[in-house]
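Comments concern the structure below.
The values are calculated or read from the model by the stated rules, or taken from the named source; none is laboratory data. These figures come from a predicted structure and were not determined experimentally. Heads up, the Cβs are rebuilt from the backbone with ideal geometry, glycines too, and the neighbour counts pull from every protein chain shown. The area values use the complete protein model at the heavy-atom level, side chains included, leaving out ligands, DNA and RNA. Shrake-Rupley method; radii C 1.70, N 1.55, O 1.52, S 1.80 Å.
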Amino acid sequence: RMTSPVPYRGWIMKVTPDGRTIPWAVGLREPNGLGLDPQGRLFAIANQGDWVGSSSFYRIEQGKFYGHVPDLIWREDFQGGRQPLDLPVAELDRLRTPAAVVFPYGDMSNSPTQPVWDSTGGRFGPFAGQAFLGEMNQPYLMRLMLEDVGGETQGAVTPFLRDTSNPKLNRGSNRLAFDAEGNLWIGQSLH
């Protein structure tokens, strides 16, 4: 089982222009990328594993807990000897912030990567405001469609590109970026 043996493992940290580091949010088992949506809101991925049954996409807000329990050990209210792993599951569930999107394990994604939003003004296609992300273990690109309902972000994921028969897209699509012409660039770690 994964633990949090060093301070702030599994946390999102804010670094200010003057160099101060502020613990922002906790509980991301294996975060692999964050991104800002067109409204400037922060989102992150948490990959599946212990305490996190399937990879998830979260809207990150200050002080929130996103599910990976061992990371709580670095939160101030646990600094008096309270052990997160000793808490009843019901109490942990009350602390947990639900995901905006949960990826169907295996069918859609095992280890999703950095989200990037289409801000190309239609140059990339009819996807304005939608997010794209890669996958570490499959030659996939996925598209996220998000909406806000009652102040909460929720959405769905769908395949955008699955290049399994003639793989020009390799596994390990780790970082994505749009350029000024509307092209989507993908940084891959081949394996």
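Below, the figures for the structure above:
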quantity	calculated
Per residue accessible area of the chain, 1.4 Å probe, in Å²	51
Two-site FRET efficiency, V15 against A177, from Cβ-Cβ distance with R₀ of 22 Å, rounded to 0.05	0.60
Whole-number D in µm²/s for the stretch 118-188 (Stokes-Einstein; Kirkwood sum over Cα pairs; 20 °C, 1.002 mPa s)	163
Peptides ranked, highest mean first, by Cβ atoms within 10 Å: ranges 8-14, 90-96	8-14, 90-96
Rule-of-thumb Rg ratio for the stretch 26-121 [Cα; 2.2 N^0.38 Å; N residues]	1.16
For the stretch 1-106: relative contact order, % (alpha-carbon pairs under 8 angstrom, 6 or more apart)	25
The chain: Cα Rg divided by the 2.2 N^0.38 Å rule of thumb	1.07
Candidates D77, D50, D18, ranked by Gaussian network fluctuation over the chain, Cα under 10 Å, top entry	D18
Considering only the chain, percent of DSSP beta bridges that pair antiparallel, nearest 5	90
The stretch 55-121 - percent of accessible surface contributed by carbon and sulfur, probe 1.4 Å	49
Calculated [θ] (222 nm, deg cm²/dmol) that DSSP helices of n ≥ 4 give over the chain, each run adding -39,500 (n - 2.57)	-1000 deg cm²/dmol
Relative contact order of the stretch 48-191, defined on C-alpha pairs under 8 angstrom at six or more residues apart (%)	19
Label-point separation in nm, I22 to Q62, each point 7 Å along Cα→Cβ	0.4
